[in-house]
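Data first, discussion second: the structure below is written as structure tokens.
The numbers here are math on the coordinates, done by the rules we state, and not lab data. Everything quoted here is computed from the prediction, not taken from an experiment. Here the Cβ positions follow ideal geometry from the backbone for every residue, glycine too, while neighbour counts run over all protein chains shown.
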Amino acid sequence: MIDQEISKNIRELKEFLGDEVVILAHHYQRDEVYIHGDFTGDSLKLAQLAISQSNAKYIIFCGVHFMAETAAILSGGRQKVILPNLEAGCPMADKAPINEVLESFSHLKDYFRDKKIVPITYINSTADVKAFVGKENGYVCTSSNADKVLEKALERGDIVFFLPDQHLGRNTSYKMGISLNEMAMWDRKKGLIFSGEKDRLKVILWGGHCWVHQMFQPTHVIHFRKMDNPYKIIVHPECSFEVFKMADYYGSTEKIIKTVEEAESGTFWAIGTEKNLVMRLARNNPDKNIEILSNFNTVCRTMSKIRDVDLLNVLKGLKEDVVYNEIVVSEEVRKYSKIALQNMFLV
Ligand code: 13P
Ligand code: SF4
């Protein structure tokens, strides 16, 4: 339920602050926050928007920490980037701490002495990890360009070290024709885990995952396949390999929305991604039959930490010239993480 009083106060403050402030909102945000977004999008679109908002003094990023951090890197310090609630993190990004990443990369370089390893980090990672990747002249990728980035990286090197999301890495590589035998998992304690030959390895996957997308199981796909109505299954590539293989379509949050919105009236859709997005899509498209692939525990709890009242509070602060919850990135980290982001934009 949207609190009309809070919503009215947010609108009034936005009007008062005018062009000084731009609000970017990710598709997983609660409706009470999402409705105030000047722009909405997936991670790639929001990163591009962050660069283009050169008139705004403040970017209020209604997403999770790594998204606001990426905006802070790309805005080059000209703008202040604000995350309305600092508890809105991404557990997947936190699963790749920089010290573990550096240690692992050094082991891998020793093990594959005669090969060139190019690191790719999913945008769902810390700025420190992006900076490490930039120093190695590697790439950031998002769920909408992971295939193009992987292709480019494999042109430039022999092996890709893909982190932190094993599922995006595995699913994308598989779609590109790389077999499971040509992929390995990296485990800090056990080392490399693979069943193929060392000389044939093309992709090494960090062991991270998104717990929200692991809630979708093959049984859920089977459930919809058994229905009388012809459900199409569309999933986010953070889903497990089994679910991904069974789906009809896949894509980033923006692509999922576009695919379903552009589908014919009367079509049936079961969607494997975060619940706030799916429920909104169902409400906005009453001419289609839209269901979530599984209703169990599929809200991104960290993204949902941002409430309308948090947005209101940071706007109130700006009215008084006080910047709450600014996301700051050191110059050193900005310099190198920007290389990895720019390498992605150039692909
Ligand atoms: P998108 O870039 O597809 O919006 O994905 C972000 C994310 O965190 C998905 O869990
Ligand atoms: Fe992170 Fe998963 Fe939430 Fe996306 S849905 S922000 S990957 S926890």
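See the values below:
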{"quantity": "Scan of the stretch 254-272 for residues that are touching an Asp or Glu at 6+ places or on another chain (Cβ under 6 Å) and surrounded by 23 or more Cβ atoms within 10 Å (Cβ to Cβ), ordered by number", "calculated": "270"}
{"quantity": "Criterion (crowded, with 24+ Cβ neighbours inside 10 Å and under 22 Å from residue 65 (Cα atoms)) met by exactly one of 142, 121", "calculated": "121"}
{"quantity": "Extreme residue, surrounded by the fewest Cβ atoms within 10 Å (Cβ to Cβ), among residues of the stretch 151-162 that are among the hydrophobic types (A, V, I, L, M, F, W, C) and touching a Lys or Arg at 6+ places or on another chain (Cβ under 9 Å)", "calculated": "154"}
{"quantity": "Per-region count, the stretch 48-74, residues within 14 Å of ligand 2 (Cβ to nearest atom) and not polar (S, T, N, Q)", "calculated": "9"}
{"quantity": "Those residues of the stretch 132-162 which are in contact with a helix residue (DSSP H, G or I) (Cβ under 7 Å, 6 or more places away or on another chain), closer than 23 Å to residue 236 by Cα, assigned to a helix (DSSP H, G or I) and in contact (Cβ under 8 Å) with a residue 60 or more places away in the chain, in sequence order", "calculated": "146, 149"}
{"quantity": "Filtered residue count, the stretch 232-254, keeping only those that are charged (D, E, K, R) and within 16 Å of ligand 2 (Cβ to nearest atom)", "calculated": "2"}
{"quantity": "Single residue of the stretch 208-222 satisfying the filter (part of a loop (DSSP other than H, G, I, E, B) and either free of Cβ contacts under 8 Å to residues at least 12 places away in the same chain or farther than 16 Å from residue 92 by Cα (or both)) that is farthest from ligand 2 (Cβ to nearest atom)", "calculated": "217"}
{"quantity": "Residue 323 being assigned to a loop (DSSP other than H, G, I, E, B) and at negative phi", "calculated": "yes"}
{"quantity": "Output for the stretch 181-204, where each listed residue is touching a residue at least 40 places away in the same chain (Cβ under 8 Å), under 18 Å from residue 147 (Cα atoms) and not in a loop (DSSP other than H, G, I, E, B)", "calculated": "203, 204"}
{"quantity": "Any hit, the stretch 185-196, residues being over 26 Å from residue 94 (Cβ atoms) and acidic (Asp, Glu)", "calculated": "no"}
{"quantity": "Residue match in the stretch 104-111 (condition: over 19 Å from residue 236 (Cβ atoms), surrounded by 21 or more Cβ atoms within 10 Å (Cβ to Cβ) and out of contact with any strand residue (DSSP E or B) (no Cβ under 9 Å at 6 or more places or on another chain))", "calculated": "no"}
{"quantity": "Yes/no for residue 179 being small (Gly, Ala, Ser) and surrounded by 14 or more Cβ atoms within 10 Å (Cβ to Cβ)", "calculated": "no"}
{"quantity": "Answer from 202, 275 - the residue that is under 17 Å from the mean Cα position of the chain (by Cα), crowded, with 17+ Cβ neighbours inside 10 Å and of a type in the set (Lys, Arg)", "calculated": "275"}
{"quantity": "Residue match in the stretch 288-295 (condition: in contact with a Ser or Thr (Cβ under 8 Å, 6 or more places away or on another chain), away from ligand 1 (no atom under 16 Å from the Cβ) and more than 30 Å from residue 68 (Cα to Cα))", "calculated": "yes"}
{"quantity": "The stretch 116-131 residues that are of a type outside the set (Val, Ile, Thr), paired with ones that are part of a helix (DSSP H, G or I) and within 15 Å of ligand 1 (Cβ to nearest atom) (beta carbon under 6 Å, 6 or more apart)", "calculated": "122/168; 124/66; 124/92; 124/93; 125/93; 127/69"}
{"quantity": "Residue ID - surrounded by the fewest Cβ atoms within 10 Å (Cβ to Cβ), chosen from residues in the stretch 1-17 that are under 18 Å from residue 29 (Cα atoms) and in contact with an Asp or Glu (Cβ under 9 Å, 6 or more places away or on another chain)", "calculated": "1"}
{"quantity": "Test for residue 102: is it among the hydrophobic types (A, V, I, L, M, F, W, C) and assigned to a loop (DSSP other than H, G, I, E, B)", "calculated": "no"}
{"quantity": "Residue within the stretch 261-272 that is touching a residue at least 40 places away in the same chain (Cβ under 8 Å) and within 16 Å of ligand 2 (Cβ to nearest atom) present", "calculated": "yes"}
{"quantity": "Of all residues in the stretch 67-99 being within 15 Å of residue 325 (Cβ to Cβ) and outside any loop (DSSP other than H, G, I, E, B), the one that is nearest to the chain's Cα centre (by Cα)", "calculated": "67"}
{"quantity": "Where a residue in the stretch 315-334 is without any contact (Cβ under 8 Å) to a residue 60 or more places away in the chain and its partner, wherever it lies, is surrounded by 15 or more Cβ atoms within 10 Å (Cβ to Cβ), with Cβ under 7 Å and at least six apart", "calculated": "317/324"}
